[in-house]
Each structure stands twice: as structure tokens, then as C-alpha cells.
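Laboratory data are not the source of any read-out in this text; all were calculated from the coordinates shown. This structure is a prediction, so every number in the text was calculated from the model and none was measured. Note that each Cβ is placed from the backbone with ideal geometry, even for glycine, and that neighbours are counted across all protein chains shown.
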Amino acid sequence: MAFDSLTEKLQNIFKNLRSKGRLTEDDVKEALKEIKRALLAADVNFKVVKDFVKSVQERAVGQDVMNGLNPGQMVIKIVNEELVKLMGSQTTEIKLQPGSAITVIMMAGLQGAGKTTTTAKLAGKFKLKGKKPLLAACDVYRPAAIKQLQVNGEKQGVEVFSMGENHKPANIAKAALEHAQKNGNNIVILDTAGRLHIDEDMMEELQEIKNTVTVHQTILVIDAMTGQDAVNVAKEFHEKAGIDGVIVTKLDGDTRGGAALSVKAVTGKPILYVGMGEKLSDLEQFYPDRMASRILGMGDVLTLIEKAEAEIDEEKAKQMAQKMKKNQFDFEDYLESMSQMKNMGGIGSIMSMMPGLGGMGGMGRMKGIDEEQTAQAEKSMARMEAMIYSMTPEERRNPDLLNPSRKHRIARGAGVDISEVNRMVKQFAEMKKLMKMVGKGGRKGKLRLPF
Ligand code: GDP
């Protein structure tokens with residue numbers, strides 16, 4: 001998963017700051033220098049890094065220092081907020097035409113960026129929202145692309161419109177729109193042809209499509225693994241063709257994350273979704289605040305909740321989310337969430353989002369967490385379960401009851417050392433703190449970071 005090394009570096013920087021009781025101006029300067037280095041190493045655009053560090057610096061020495069936070073926490077808070085800002089602050093939805101009018105979305109991008117795959121992934125998202133998308137195969141240079149779209153469309157249960165490879169993309173787009181009008185589709189997604197580099201042909205082709213049908217949204221697909229190149233491509237694309245938003249693919253395989261961090265600042269256009277894997281379900285809506293908390297290694301409770309909502313009992317998940325928000329999450333819920341987590345499979349991917357299970361591969365998803373770590377996590381989950389099962393129902397609902405003698409009893413019951421019980425109770429308390437903070441939106445009022 002992206003940002004692994006950036007997260008590690010930032011955490012070290014923050015750890016260092018926290019170890020000092022009081023921060024001098026030099027401490028802050030030094031930390032900023034290191035943050036700058038860490039961002040550059042993550043392949044974030046140089047100018048973006050410069051502006052970022054400047055903003056953090058201005059705020060760190062300005063009026064923002066207050067609120068009962070210690071100076072180290074203050075710096076983390078500011079870095080968090082500036083990261084959110086850098087990535088666009090708000091989540092941007094793809095703008096659809098009002099009522100039953102058809103929205104035409106044109107997908108653009110270089111060859112291999114993941115355009116065709118993403119087109120099918122996106123169609124799946126729209127379908128989930130009750131829309132009826134139609135995919136149009138406008139990539140006529142790569143016969144395999146048409147086939148690929150058809151196969152993926154079928155998997156998603158979405159119709160694919162194709163005229164083979166002997167027609168102009170603009171004409172295919174026009175015919176697809178007519179087809180959509182007859183068939184009651186309310187979204188048409190055009191999968192256009194990419195090239196190895198940005199060239200005149202590609203731009204002309206996109207322009208011709210735009211001249212022939214009304215394109216409401218042009219979405220650029222870029223490959224995170226190409227780092228700064230991806231950002232340069234985005235900039236050029238935007239200048240030449242005009243884009244409305246960006247989808248960053250292959251974030252699962254990119255350990256640096258620079259493209260995701262820079263693209264909004266460089267193009268002014270927001271990231272709409274991120275691709276997190278090759279499966280058609282591996283497309284996630286982009287939330288700047290959640291991404292920032294992932295980067296800072298704070299886990300991602302909200303994404304976890306959403307995953308749970310999509311894949312498990314919706315009612316239960318909602319109740320749990322409510323409890324998290326109200327800070328009423330208890331060990332009973334923790335047990336329940338663990339059993340649901342098992343149902344959701346893929347403990348590796350979930351683990352990375354669960355702050356209570358931190359330190360087991362950090363944010364690694366897919367690539368980051370290997371089998372051994374997963375097995376270890378499963379073992380640690382089984383031990384946690386054993387400990388929670390050794391509690392009385394009352395203790396599970398009210399962890400404050402856990403005095404030393406009760407903890408000793410639980411340790412004996414679960415066959416673990418008392419230190420393990422202590423650790424779990426402490427982790428649980430930390431997790432609750434984090435949930436409370438995330439539930440409140442994290443930025444209003446007094447922010448207390450769980451460090
Ligand atoms: P196109 O040429 O832009 O249409 O690219 P494709 O859709 O054919 O994708 C190129 C390759 O990237 C394929 O092997 C996809 O499976 C893969 N791919 C696309 N998106 C992602 C992603 O988010 N993560 C990973 N790991 N692979 C992806």
C-alpha cells in the first residue's frame with residue numbers, strides 16, 4: 001500500500017518530537033526539514049513540498065499553538081490538517097446530470113494506466129447506487145481492450161456497447177448515446193484509447209469525441225506507480241483536454257504515494273477514486289481526511305466501517321458505527337466486530353485499517369502484509385478473543401471495571417500473561433479514543449491525538 005515508508009518516517013519524526021518535553025524553534029525547524037525530506041522521498045512534487053512545509057511552519061509558529069495540546073501533538077495536528085487540505089479537503093462525487101438525463105463520462109489516460117479496468121469498476125459503483133450505466137468501447141486500436149471491457153462488463157452485469165474496431169471513436173460514442181436513450185441507460189462511460197505518451201493524435205481524438213457528443217465529465221486515469229510522471233501527465237492532460245477529476249490506480253502497489261499527494265495541488269482537480277487492486281471491487285472513493293490519517297499511521301476506522309457496511313450485516317454495522325461515534329464501543333462490540341471480520345475474509349486488508357491491531361505490518365495491504373504476518377494476526381486475534389471470553393459480560397460492557405485482580409483472573413482464564421491483558425485493555429482504550437476523535441470529525445474543538 002502506498003505511503004508505507006512515508007508513514008514510518010513521519011511516525012519517527014513525531015516520536016522524536018514527543019520525546020521532548022518542550023519544543024524549541026530549532027526542534028520544529030529540524031522536524032520540518034525531516035518532513036520535507038520524507039515527502040520528497042515519497043516522490044511528492046518539489047513545489048508542492050515547499051508550499052506544504054511553508055504552511056505547516058507558518059501555522060506552527062503562529063496563533064495555532066493552543067488548545068491544550070502539547071507542542072509535539074500540535075505539529076502532528078497541523079501536518080494532518082495540511083495533508084487533508086493538500087489532497088483537496090472534501091470528497092468529490094462525480095457530478096451527474098439531474099433527473100433522468102443521461103450523463104456522459106469520458107475516461108482518458110495513457111496505455112496501461114488502468115483505464116479499461118477502472119471503467120468497469122466505476123460502472124459497478126454506479127450500479128450499486130441504482131444507476132443503469134452503459135459502457136462504450138471506444139478504444140479501437142487495441143482489439144483486446146474491447147474484449148476486456150466486454151468480459152469485465154459482463155462480470156459487473158453491465159451492458160457494453162461495441163461496434164468493433166472499424167469505426168471512429170467519436171461515431172461509436174454517438175451511437176452509444178443513441179443506444180442508451182433507447183435502452184433507458186442514465187450513464188454512458190466511454191472507454192477511450194490510450195497511447196504510450198501524450199500525443200497530438202490522442203488529444204485530437206478526445207476533442208473529436210467532445211465535439212460529437214456532450215461529455216459531462218472527463219475523468220483521467222493515472223498510474224500511481226509512475227509517481228511524478230503520472231502527475232506531469234495529469235497536468236498536461238488538463239491543459240490540453242480539460243479534465244474534471246482524476247482516478248489514481250495501483251495505489252496498492254505503490255509504496256511512495258507521491259502521485260496521490262501531488263495531483264490535486266498540481267492540476268487543481270480532485271482525486272475521485274483510488275484503485276486498490278486488480279479485482280473489480282478494488283475501487284475506493286477518495287476521502288482526503290481518511291487518506292491523511294492513513295498516511296499518519298492512525299489507521300482508518302471509517303473505511304473499515306464502510307467495508308463492514310458493504311459486506312456484512314448492514315444493521316449491525318450501523319449500530320456499531322453509531323456506538324463508535326458515541327464512544328460507547330465496548331468489548332462485546334469488539335468481539336462482534338472480530339467475528340464479522342472473519343466473515344469478511346482477507347484479514348490482511350482489514351488489519352491494516354484497525355488501529356487496535358497496529359504494528360502488524362502497519363498500513364501494508366496486499367503487498368505489505370505477508371502470510372506470516374496474517375497468520376500472526378489471526379493468532380493474536382484468537383488470543384484477544386480468549387481474553388474477552390474470560391471476562392464477565394459486565395466487564396465486557398464496562399472495561400472500567402477491570403482492576404488488577406480481575407485482570408489476573410482473565411489472564412488465568414485465557415492462559416496468557418497478565419501483561420498481555422494489560423496491553424489489550426490499553427490498546428482498546430486507545431482505539432476508543434481514536435474512534436471518538438474520528439467520530440467528531442476530528443478537527444473541531446479540542447483535538448486529542450492518540451499518541
Ligand atoms: P488501460 O490500458 O489503461 O486500459 O489499462 P488496463 O485497464 O488494461 O490495466 C492495465 C493493468 O493494470 C491490468 O493488468 C490491470 O489489472 C491493472 N490494474 C488496473 N488498476 C489496478 C489497480 O488499482 N491495482 C492493481 N494492482 N492493478 C491494476
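With the simple model of a label 7 Å out from the Cα in the direction of the Cβ, residue 379 to residue 19 spans 2.9 nm. If the segment from residue 61 to residue 175 were pulled out straight at 0.36 nm per residue, it would be longer than the present Cα-Cα gap by 35.1 nm.
Here the simple spin-label model places points 7 Å from the Cα toward Cβ, and for residue 327 and residue 372 these points are separated by 4.1 nm.
State which entries of 323/407; 15/426; 240/269; 85/129 exceed 22 angstrom in Cα-Cα distance in the structure shown. Don't jump to the answer; show the numbers that get you there.
Values: 323/407 25 Å; 15/426 19 Å; 240/269 14 Å; 85/129 28 Å.
Distance filter (> 22 Å) returns 323/407; 85/129.
What list do you get for 238, 408 if you sort them by fewest beta carbons within 10 Å? Don't skip to the answer; put the middle values down first.
Values: 238 19, 408 12.
Ordered from fewest to most neighbouring Cβ atoms within 10 Å, 238, 408 come out as 408, 238.
When the Cα atoms of segment 103-294 are aligned to their principal axes, the ranges along those axes come out at 45, 36, 27 Å in descending order.
Go ahead and run the numbers for FRET between residue 199 and residue 168, Cβ-Cβ distance against an R0 of 22 Å, rounding to 0.05.
Working: r = 17 Å, r/R0 = 0.79.
For R0 = 22 Å, the calculated efficiency reads 0.80.
Under the simplified labelling scheme, the residue 423-residue 285 pair shows an inter-label distance of 3.7 nm, with each label point 7 Å from Cα along Cα→Cβ. Net charge near residue 195, counting Lys/Arg +1 and Asp/Glu -1 over other residues with Cβ under 11 Å of its Cβ? Charge balance near residue 195 sits at -4. Near the amide H of residue 104, within less than 5 Å, lie the amide hydrogens of 188, 216, 217, all on another chain or at least 5 residues away, with H placed in the peptide plane. Given H placed 1.01 Å from N in the peptide plane, which residues other than close sequence neighbours of residue 283 have an amide H under 5 Å from its amide H? Here the answer is 276, since their amide H atoms fall under 5 Å of that of residue 283. Within straight-line reach of residue 379, meaning a Cα separation under 16 Å, sit the following aspartates and glutamates at least 8 residues removed in sequence or on another chain: 370, 371, 417, 420.
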